[in-house]
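Notes for the one structure printed next.
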Amino acid sequence: MSRVSPALDIATRTLPVEIVIANADLRLKPGGFATAEIEVGAVDAMVVPRSAVLTFAGVHKVITIVDGVAQERRITLGDVARTDAGDMVEVLTGLDGSETIALAPPSSITTGARVRVASAD
């Protein structure tokens, strides 16, 4: 029988589990501890940095840049992924992947505002 702790450690994003493993040659001793990583299948999803999403009154939007002009675009969010590059959020609807978006727009930006796109270098 396997058991999973109902409590997740938010700081380390870990949780204790107890598992049953075949041990015919008795190399493993009872009560031992191990560290393991569980790989899950990759999902093909569109994601944007969490910092790119503006939220007001439950409405999520990103700022797209078209010909140097800001345009608000409503989006529907999916899952959040924590990565080495920071939190990324899945975009379910509202973008097609071809847009240029503002990565950390000020909350005061509005559609029609002139913007300058900075180089990533």
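The values are calculated or read from the model by the stated rules, or taken from the named source; none is laboratory data. All values reported here derive from a predicted model rather than from experimental measurement. We place every Cβ from the backbone using ideal geometry, glycine too, and count neighbours over all the protein chains shown.
Tabulated data for the structure shown
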quantity: Matching residues, the stretch 17-49, being surrounded by 10 or more Cβ atoms within 10 Å (Cβ to Cβ), out of contact with any Leu (no Cβ under 7 Å at 6 or more places or on another chain) and at pLDDT 80 or above; calculated: VAL17, ILE19, ASN23, LEU28, ALA45, VAL47, VAL48
quantity: Any chance ALA102 is surrounded by 11 or more Cβ atoms within 10 Å (Cβ to Cβ), more than 16 Å from the chain's Cα centre (by Cα) and closer than 30 Å to ARG13 by Cβ; calculated: yes
quantity: SER107 being under 25 Å from VAL117 (Cβ atoms), touching a Phe, Trp or Tyr at 6+ places or on another chain (Cβ under 9 Å), in a loop (DSSP other than H, G, I, E, B) and of a type outside the set (Phe, Trp, Tyr); calculated: yes
quantity: Residues located in the stretch 1-36, provided they are charged (D, E, K, R), within 22 Å of VAL80 (Cβ to Cβ) and either in contact with a Gly (Cβ under 7 Å, 6 or more places away or on another chain) or free of Cβ contacts under 8 Å to residues at least 40 places away in the same chain (or both); calculated: ASP9
quantity: Residues of the stretch 80-93 satisfying the condition of being part of a strand (DSSP E or B), closer than 23 Å to ILE10 by Cα and free of Cβ contacts under 8 Å to residues at least 24 places away in the same chain; calculated: THR83
quantity: Test: THR64 is among the polar types (S, T, N, Q) and without any contact (Cβ under 8 Å) to a residue 12 or more places away in the chain; calculated: no
quantity: Residue in the stretch 78-94 that is under 30 Å from VAL4 (Cβ atoms), in contact with a helix residue (DSSP H, G or I) (Cβ under 9 Å, 6 or more places away or on another chain) and loosely packed, with under 11 Cβ neighbours inside 10 Å present; calculated: yes
quantity: Contacts under 6 angstrom Cβ, first residue in the stretch 49-61 being among the β-branched types (Val, Ile, Thr), partner surrounded by fewer than 18 Cβ atoms within 10 Å (Cβ to Cβ), 6 or more apart; calculated: VAL53/HIS60
